[in-house]
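A.B. asks: One structure, pasted below without further comment.
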Amino acid sequence: MKIHEYQARTLLQEAGAPVPPGAMTETVDETVREAARLLDSGADLVVIKAQVHAGGRGKAGFVKLIRTKEEALQAAEFMLSNRMVSPQTPPEGLEVSRLLVAAGVDIEAEYYLAVTLDRSRGTYTLIASAEGGVEIEKVAEESPELILKEPLDPLLGLQVWQARKMAFNLGLKGKQIGQAVKAMMAVDAIRQSKDAGLVEINPLVITPASAAHPDGQVLAIDAKLNFDDNALFRNKDIHALADPAEEDPSELHAQKFGLSYVALDGNIGCLVNGAGLAMSTMDIIKLHGGDPANFLDVGGSADREAVTEAFRIILSDKKVKGVLVNIFGGIMQCDTIAEAIVESAQAVGFDVPLVVRLEGTNVENARRILEEKKSELPTMHSADDLTEAAKTVCNLVSG
């Protein structure tokens, strides 16, 4: 689960990380008032950022640096009345309904800081780089030596000595070290206490030296947090931060019925039991020239109602020109799928080709059910194996 930047900043602040003051606003008037408050309290610069679950905000014009109330008014009116389009959004863009208004800071240096799961090591890892403010994936690909990593003990988490070691390796000095250590410990505290899969500060900045801060200040000015969906039951406060407006309605619908659904860009709907089998099904569709429209795993315990809803979700996607059902019955019984197919034909209707491949528990009974109801399923085609099923649906869709 993702949360907005303004929510991430609050969690970081509560955990002890140094974060500049700011607030979330939802209207133009609120935005102007908050910007005016920050300017009147001594801020020379205010940053206004669109709050959406997508990157590329700056290049899209949805991050504005302002110095006057008039500039705040213009920025707010633009962001709240236009959809944000970037390489990380759908072609139609995303509606912006919330803004972050925060005090801007002068920046002397930028760093990247995160704790995330390193699957190659099998442990959470503290990651840092002096190349903050840019795409860390690009840095890792082109200059991997600039990415510093510190594996964490699975029980103890990040230790202070590890954080200090990382701060020294980044070239920090004086009071910068203690402030950076505080930020690092806060990042891992959130990871441990909230079951976060990623806690990222990019950039973590150092401000220029001043009379009050001879070594400058270390501040977290942008943050991204992702949480483990499977642990939300024990993190009710995090679950409450979810923004349904930022999620695909079909994916939210699927969650209510215990289905794992992710919309894709293709035109062949997939209904499969088991994540591995679903991935294989999408691969073989691609192999034979097709394009999957979704990942949909009904799991092993779905009942007829859930499977019927799965068909309803697939067929609600106007891009879908054909459906492939690939079931290997173990816990999930093939006749449950067959009954759901019949119910779906009655409740939803199949106007597109339907290719069904069933194998496993109760498969003979399932085939009998489908044969008896064949007149109600005029677009249905049966397949004996997955290769035949994939070829059939791809040919029917392309033809």
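Throughout, read-outs are computed from the coordinates displayed, never taken from laboratory work. All values derive from a computational prediction rather than experimental measurement. Cβ sites come from the backbone with ideal geometry, for glycine too, and all protein chains shown count toward neighbours.
A.B. asks: Once amide H atoms are built 1.01 Å from N in the peptide plane, which residues 5 or more positions from Leu126, or in another chain, come under 5 Å H to H?
C.D. replies: Those lying under 5 Å, H to H, from Leu126 are Glu150, Leu152.
A.B. asks: Pull out a ≥ b ≥ c, the square roots of the eigenvalues of the alpha-carbon gyration tensor of the range 248-398, then state rounded if a/c is under 1.5, prolate if not and a/b is larger than b/c, and oblate in the remaining case.
C.D. replies: Taking the square roots of the gyration eigenvalues as a ≥ b ≥ c, the range 248-398 is rounded.
A.B. asks: Hey, another quick one. I need to check one value: relative contact order of the chain, counting alpha carbon pairs closer than 8 Å and at least 6 residues apart, in percent.
C.D. replies: 12 percent
A.B. asks: Still on this model: Assuming 1.002 mPa s and 20 °C, estimate D for the chain with Stokes-Einstein, Rh taken as the Kirkwood radius over Cα pairs, in µm²/s.
C.D. replies: Rounded to a whole number, D works out at 89 µm²/s.
A.B. asks: A further question follows. Cross-link partners among lysines for Lys49, C-alpha distance below 20 Å, same-chain residues fewer than 8 apart left out?
C.D. replies: Cross-link targets: Lys2, Lys59, Lys64, Lys69, Lys224.
A.B. asks: Antiparallel versus total DSSP beta bridges in the chain: what percent is that, nearest 5?
C.D. replies: 75 percent
A.B. asks: So for the pair Lys138, Lys256, with labels modelled 7 Å out along Cα→Cβ, what separation do we get in nm?
C.D. replies: 4.2 nm
A.B. asks: Quick one: 3J(HN,Hα) in Hz for the range 353-362, Karplus 6.51/-1.76/1.60 with θ = phi - 60°, rounded, Gly and Pro as x.
C.D. replies: Rounded to whole hertz, the list is x, 10, 10, 10, 10, 10, 7, x, 4, 6.
A.B. asks: Here's a follow-up. For Lys286 and Asn395 in one chain, what is 0.36 nm times their gap in residues minus the Cα-Cα distance, to one decimal in nm?
C.D. replies: Answer, rounded to one decimal: 38.0 nm.
A.B. asks: Based solely on its DSSP helices, what 222 nm [θ] is calculated for the chain when runs of n ≥ 4 H residues each add -39,500 (n - 2.57) and the sum is averaged over all residues, nearest 500 deg cm²/dmol?
C.D. replies: Computed mean residue ellipticity for the chain: -11500 deg cm²/dmol.
A.B. asks: Mean Kyte-Doolittle of at least 0.0 and a Cα length of 27 Å or more along the axis: which whole DSSP H helices of the chain meet both? If you can, show how the numbers build up before the last one.
C.D. replies: Working: long enough: 175-194 (29 Å, -0.15).
Both cut-offs are met by no helix.
A.B. asks: Here's a follow-up. Out of all DSSP beta bridges with both ends in the range 248-398, state the antiparallel percent to the nearest 5.
C.D. replies: Here the share of antiparallel DSSP bridges comes out near 20 percent.
A.B. asks: Put a dot 7 Å past each Cα toward the Cβ at Ala130 and Asp40; how far apart are the dots in nm?
C.D. replies: The modelled label-to-label distance comes out at 4.3 nm.
A.B. asks: Let me ask something else. Ranking request for peptides 227-236, 59-68: highest mean number of other beta-carbon atoms within 10 Å first, then the rest in descending order.
C.D. replies: 59-68, 227-236
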